[in-house]
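K.L.:
Shown below is the structure under consideration.
The values are calculated or read from the model by the stated rules, or taken from the named source; none is laboratory data. Only a predicted model underlies this, so the values are computations on that prediction, with no experimental measurement involved. For neighbour counting, all protein chains shown are included, and Cβ atoms are generated from backbone atoms with ideal geometry for every residue, glycine included. The protein model used for the area step is the full one, side chains on, heavy atoms only, and it has no ligands, DNA or RNA in it. Shrake-Rupley method; radii C 1.70, N 1.55, O 1.52, S 1.80 Å.
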Amino acid sequence: METKLCQEIMFKAAKKHIIIAKLFEFGGSNSHLKALIKYLGKENIILLLENEDQLPYLKNLGDTTGIIVKIQQQLHGYAHLGNNFTTNIRELFKILKSVFAIQLLSFKYSYASVTICSVEPEKHLYLLWLPWGKVYYILHSTPNKNHTPFTSYTCNTNLSKRKRIITVSQSNKQLICENWDIANKEKFVNVIYNCLLNDNLNHVKTQTTKSNNQQHIVTMGHVINYKNPHVWLDVAKLVTLKYSNAIFIWLGDGPLLKEFKDATKMLDNIRFEGYKADTDMYLKSACIYYQPSLQETHGIAVVEAMANQLPCVTSNAGGLPESVQHQFNGLLLNAMDKQGQANAILTLLNDPNLSKQYGINGYLKYNELFSYESFKLNMDALYIS
């Protein structure tokens, strides 16, 4: 125990960490980065952003005092190696130049480790070729099979105890290994679930008084095709026809927001409200969290709903079944099963005791798997060695 504590103190006090990241207004990658910053310690971080347009988003990470922020515009994005010899030579030059730049930065900060927080599969993956130091490639999105052979070669050659891929669900780990043809190196593709920083989170579910006994069903996320807003809207219409006090609310920006705002402007019980900085009050006044995504690596919004003791109705896509256990803390349905999803929501609306029990169960599961304490334990296993 004392040895472990000493290792942690030395890790926190002396080790510097380079983080290469892209920032957003909100979302799972932002939440993960905030937890990573807390874990590593602000005073130990050199944060690399690809351009100055990213700087306004720093405020979404909370207090960043002490973090060294650098703009690294010349860092190459993707290793587009193919069959053209001339193109390959140019690409290799860009890759080597970027690897050299990051290695020099690592040397400057006493062999700082390098963590790439990527929402774009394969972006900066070539940094696994960094010759000295530890490299962690954190992937927040789902990779596809259309990768270059260099991607598989990079993973199968370099993955080790010091060069790891980290992702946010077992489902996404399986896709990474399958789609990138990672053979015999699966143990170096690790899962660390996203978490919530609970410094200011009040987990006690409060019953907010709603006029006319309104029951709020809340969804959070970008209004984009893979979040399945077309099915969401059809399900909302089916439910509100049978349960007039149900109010469906979708919080979030996205390319389809205007389309769905226009489609629902005459519907009193169905609302697309756009981005909201403070979603806590919506979750506190909700009775159900609903997310019918077509794909989802993990789903930080579902975790937030569980922390607020909400029963969840979600699709069974991607990593969602790792958060929502069917008939334990919510109900899982096929993403295209409109009637099934509507019936699930109606079941919870008509059975407050079942809904409450699912909410309690979800909170217990949140504490077990998705709290910061759980995140820290899993990070210790990889970063302190």
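K.L.:
Given a 1.4 Å probe and every protein chain left where it sits, what share in percent of the accessible area of the chain is carbon and sulfur?
P.N.:
54
K.L.:
Where q = 0.10, 0.13, 0.23 Å⁻¹, what log10 of I(q)/I(0) comes from the Debye formula for region 79-182, counting one point per Cα?
P.N.:
So the normalised log intensities work out to -0.28, -0.47, -1.31.
K.L.:
When N is the residue count of region 268-343, what does its C-alpha Rg come to as a fraction of 2.2 N^0.38 Å?
P.N.:
1.08
K.L.:
Next question, about the same structure. With 25 Å as the limit, write out which pairs from Lys22/Lys145; Lys42/Lys227; Lys145/Lys187; Lys34/Lys276 have Cα-Cα distances beyond it, or answer none.
P.N.:
Over 25 Å Cα-Cα: Lys42/Lys227.
K.L.:
Further question on the same structure: What are the ³J(HN,Hα) couplings of region 80-97, residue after residue, when phi is run through the Karplus curve with 6.51, -1.76, 1.60 and θ = phi - 60°? Round to Hz, x for glycine and proline.
P.N.:
After applying 6.51 cos²θ - 1.76 cosθ + 1.60, I find 7, 9, x, 9, 7, 4, 4, 4, 4, 4, 5, 5, 4, 4, 5, 5, 4, 4 Hz.
K.L.:
Using a Gaussian network model on the chain with a 10 Å cutoff between Cα atoms, which of Asn30, Asn194, Asn179 fluctuates the most?
P.N.:
Largest GNM mean-square fluctuation: Asn179.
K.L.:
Per 20 Å bin from zero, what fraction in whole % of the C-alpha pairs of the chain is there, up to the bin with the longest pair?
P.N.:
27, 53, 19, 1
K.L.:
Find out how many positive minus negative residues lie around Leu130, taking Lys and Arg as positive, Asp and Glu as negative, among other residues whose Cβ is under 10 Å from that of Leu130.
P.N.:
Summing Lys and Arg as +1 and Asp and Glu as -1 gives +3.
K.L.:
May I pose another question? Which of these, Asn225, Asn84, Asn44, has the largest mean-square fluctuation under a Gaussian network model of the chain (Cα springs below 10 Å)?
P.N.:
Asn84
K.L.:
Rolling a 1.4 Å sphere over the protein heavy atoms, what is the accessible area per residue of region 296-355, to the nearest Å²?
P.N.:
Each residue of region 296-355 exposes 33 Å² on average to a 1.4 Å probe.
K.L.:
Here is a follow-up. Which whole number of Å³ per residue matches the convex hull of the alpha-carbon atoms in region 102-144?
P.N.:
59
K.L.:
For Asp181 and Leu96, what is the calculated FRET efficiency with R₀ set at 22 Å and r taken between the beta-carbons, to the nearest 0.05?
P.N.:
Efficiency for this residue pair is about 0.35.
K.L.:
Right, another one. Whole-Hz ³J(HN,Hα) for each residue in region 31-43, computed from phi via Karplus 6.51 cos²θ - 1.76 cosθ + 1.60 with θ = phi - 60°, x for glycine and proline: what do you get?
P.N.:
4, 5, 5, 4, 5, 5, 5, 4, 5, 7, x, 4, 5
K.L.:
Would you work out which of His326, Gly340, Ser374 lies farthest towards the positive end of the dipole of region 319-385, given +1 charges on the beta-carbon of Lys and Arg and -1 on that of Asp and Glu, about the Cα centre?
P.N.:
Among His326, Gly340, Ser374, the one farthest towards the positive end of the dipole of region 319-385 is Gly340.
K.L.:
Using a simple spin-label model with points 7 Å from Cα along the Cα→Cβ vector, what separation in nm is obtained for Leu104 and Asn144?
P.N.:
It is 3.6 nm.
K.L.:
Right, another one. Pairs of Cα atoms under 8 Å, at least six residues apart: use those to get the relative contact order of the chain, whole percent.
P.N.:
Relative contact order of the chain: 13 percent.
K.L.:
Taking a point 7 angstrom from the Cα of Asn83 along the C-beta vector, which residues in region 93-134 have backbone N less than 12 Å away?
P.N.:
none
K.L.:
Taking H as built 1.01 Å from N, whose amide H comes closer than 5 Å to the amide H of Arg271, not counting residues under 5 places away?
P.N.:
Answer set, sorted by chain and number: Phe248, Ile249, Trp250.
K.L.:
Name the residues whose placed amide hydrogens come within less than 5 Å of the amide hydrogen of Leu196, ignoring near sequence neighbours (fewer than 5 apart) on the same chain.
P.N.:
Close amide H contacts, sequence-distant or interchain: Tyr372.
K.L.:
Based on a Kirkwood Rh over C-alpha pairs, give the Stokes-Einstein translational diffusion coefficient of region 1-160 at 25 °C and viscosity 0.890 mPa s in µm²/s.
P.N.:
Roughly 146 µm²/s, to the nearest whole number.
K.L.:
For the chain, what does -39500 (n - 2.57) per DSSP helix run (n ≥ 4), summed and divided by total residues, give at 222 nm, in deg cm²/dmol to the nearest 500?
P.N.:
Rounded to the nearest 500, it is -11500 deg cm²/dmol.
K.L.:
A follow-up question, please. For Ile116, list long-range residues whose amide hydrogen, built 1.01 Å from N in the peptide plane, is under 5 Å from its own amide hydrogen.
P.N.:
Ile20, Tyr136, Tyr137, Ile138
K.L.:
For Lys258, list the aspartates and glutamates whose Cα falls under 16 Å from its own Cα; do not include residues on the same chain fewer than 8 positions away.
P.N.:
Leaving aside aspartates and glutamates fewer than 8 places away in the same chain, those within reach of Lys258 are Glu273.
K.L.:
By the scheme Lys and Arg +1, Asp and Glu -1, what is the net charge of all other residues having a beta-carbon under 9 Å from that of Leu49?
P.N.:
Net charge around Leu49: -1.
K.L.:
Then there is this: Out of Ile68, Ile95, Ile182, any idea which swings most in a Gaussian network model of the chain, alpha carbons joined below 10 Å?
P.N.:
Result for the chain, Cα springs under 10 Å: Ile68 fluctuates most.
K.L.:
Rounded to whole Hz and in sequence order, give me ³J(HN,Hα) for region 153-162 from the Karplus expression 6.51 cos²θ - 1.76 cosθ + 1.60, θ = phi - 60°, writing x for Gly and Pro.
P.N.:
4, 4, 5, 6, 8, 9, 4, 6, 4, 9
K.L.:
Using only C-alpha positions, report the orientation-averaged shadow area of the convex hull of region 292-385, nm², one decimal.
P.N.:
Spelled out: convex hull of the Cα atoms, projected over all directions, averaged, 6.0 nm².
K.L.:
Further question on the same structure: Loop-only check: which GluC sites (Glu not before Pro) in region 17-126 are DSSP coil with at most 12 other Cβ within 10 angstrom?
P.N.:
In loop regions of region 17-126 (DSSP not H, G, I, E or B), there are no sparsely surrounded GluC sites (Glu not before Pro).
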